[in-house]
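Colleague: Encoded as structure tokens, here's the structure I'll be asking about.
Every number in this text was worked out from the coordinates using simple rules, so none of it is lab data. None of these values were measured; they are calculated from a predicted model. Counting neighbours? That spans all protein chains shown, and the Cβs are built from the backbone with ideal geometry, glycine included.
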Amino acid sequence: MASHDAGTMLTIGDFAARAGVTASTLRYYESLDLIRSARTGGNQRRYRRAELRRVAFIRAARSIGLSLDEIKDALDRLPERRIPDRADWQRLSSGWRQRLEDQITHLRGLQEDLDGCIGCGCLSLDKCSIYNREDALADEGAGPRRGFQAL
């Protein structure tokens, strides 16, 4: 490793502490090609400080419910593995806004159902709007209601 890199490179422990994740998380992210490290002559990982921004991007995207595959796809769209900046986040996250709105709507619905469930206290399988929300055949009684068709 060149001597001019020594001041800008972090050990895995230092990088993990700065990034707010565990070393095993960093190794996992690296195995998925979300982040990269350089190796010393002794095969120890060293991370550029700029990679901290990629980890921050990953953590922010995870906090809104994106999978690591979706995050990798977004990061792969950056030219030459560039470290994402504010403009990149705004451009990439604009496509995620509707998804986030849908999640909020879904959670509000669950919250309302939960309030109703607490109110009734029955947790009945034929009426519970949380546990058995989509059961259109519940009024016909317990058990299977549709016939089995042989293949």
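Colleague: Where Lys and Arg each count +1 and Asp and Glu each count -1, what net charge lies around residue 32 among other residues with Cβ under 9 Å from its Cβ?
Modeller: Working: positive: 72; negative: 30, 33, 69.
Local net charge: -2.
Colleague: What net charge is computed for the residues neighbouring residue 93, neighbours being all others with C-beta under 14 Å from the C-beta of residue 93, Lys and Arg scored +1, Asp and Glu -1?
Modeller: On the way: positive: 59, 62, 77, 86, 91, 97, 99; negative: 70, 73, 85, 88, 101.
Its environment carries a net charge of +2.
Colleague: Taking R0 as 25 Å, what's the FRET efficiency between residue 49 and residue 96 from their Cβ-Cβ distance, rounded to 0.05? It would help to have the intermediate numbers written out before the result.
Modeller: On the way: r = 27 Å, r/R0 = 1.06.
E between residue 49 and residue 96, to the nearest 0.05, is 0.40.
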